[in-house]
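Colleague: The structure is given below, and queries will be raised subsequently.
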Amino acid sequence: MKVIGLAGWSGAGKTTLLTRLIPYLLKEGVSISVIKHAHHNFDVDVPGKDSWRHREAGATEVLVSSERRWALMHELHGMSEPHLFELLKKLSPVDLVIVEGFKRESLPKIEVHRTGNGKPFLFPDDHNIVGIIADISVETRLPVAHLDDVSAIATLVQRAAMPMEGIDKVRVARD
């Protein structure tokens with residue numbers, strides 16, 4: 001299983017990019033999972049529904065299953081947030097895991113940059129950024145793909161992805 005991160009300011013288009021990139025890679029025969037880091041409290045369940053009530057009542061884990069999908073919610077109950085590598089081990093095997101967020105984790109990341117945001121590039125200060133996807137020309141030694149070129153983005157993502165075992169070694173070396 002290979003892993004690559006997407007980094008960028010809010011509004012840069014990371015999620016929109018993923019909704020275009022995932023179907024493209026699937027057509028190429030690449031199986032994909034995504035891990036998204038959320039800030040603060042978030043819910044994947046509707047307040048008041050049974051699974052929400054079970055979690056609110058104090059259950060450590062609530063698994064919801066149907067004929068179409070299943071989801072597992074795990075409450076930390078004051079424990080520290082798990083490292084990305086711990087979460088990766090919980091996934092079923094796929095060819096590629098794309099990680100959105102987890103800015104502090106040591107993994108190869110591709111920066112997604114949209115000029116309209118008015119925000120600076122991250123790559124000059126983040127040594128984990130190994131490529132750039134932008135809507136403008138960028139002067140850098142890093143590989144660059146245009147935000148609208150899904151084929152070039154797919155190539156960049158696949159070339160930059162690192163085997164999961166390599167990420168664990170990088171993480172341990174920097175902890």
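Laboratory data are not the source of any read-out in this text; all were calculated from the coordinates shown. Since we're looking at a predicted model, the values are computed, not measured. Using ideal geometry, Cβ is built from the backbone for each residue, glycine included, and neighbour counts are taken over all protein chains shown.
Colleague: Check the straight Cα-Cα distances from K49 and name the lysines below 30 Å, setting aside those fewer than 8 residues away within the same chain.
Modeller: Result set, ordered by chain and number: K36, K89, K90.
Colleague: Let me ask something additional. Looking at the square roots a ≥ b ≥ c of the eigenvalues of the Cα gyration tensor of the stretch 35-91, which shape do they give, rounded for a/c under 1.5, prolate if a/b is larger than b/c, or oblate?
Modeller: oblate
Colleague: Fewest Cβ neighbours within 10 Å first, please rank E100, E28 accordingly.
Modeller: Ranking E100, E28 by Cβ neighbours within 10 Å, fewest first, gives E28, E100.
Colleague: What percentages make up the Cα-Cα pair-distance distribution of the stretch 84-175 when the bins are 5 Å wide from 0?
Modeller: Pair shares across the bins are 2, 12, 23, 23, 18, 12, 7, 2.
Colleague: Helix 14-27 sits at what angle to the longest principal axis of the chain, using alpha carbons and giving 0 to 90 degrees rounded to 10?
Modeller: Taking the Cα atoms of the chain, the angle to 14-27 is about 90 degrees.
Colleague: Hey, if you put +1 on the Cβ of every Lys and Arg and -1 on every Asp and Glu Cβ in the chain, which of S92, A160, A7 ends up farthest toward the positive end of that dipole?
Modeller: Toward the positive end, the furthest listed residue is A160.
Colleague: Of the listed values (1) 141; (2) 99; (3) 163, identify the label whose number matches volume of the Cα convex hull per residue in Å³ calculated from this model.
Modeller: Only one option fits the structure, namely (1).
Colleague: In debye, nearest 20, what is the charge dipole magnitude of the stretch 1-123 about its Cα centre with +1 on Lys and Arg Cβ and -1 on Asp and Glu Cβ, if you could check?
Modeller: 440
Colleague: Treat the count of other C-beta atoms within 10 Å as a stand-in for reagent exposure and order S31, S92 from fewest to most.
Modeller: S92, S31
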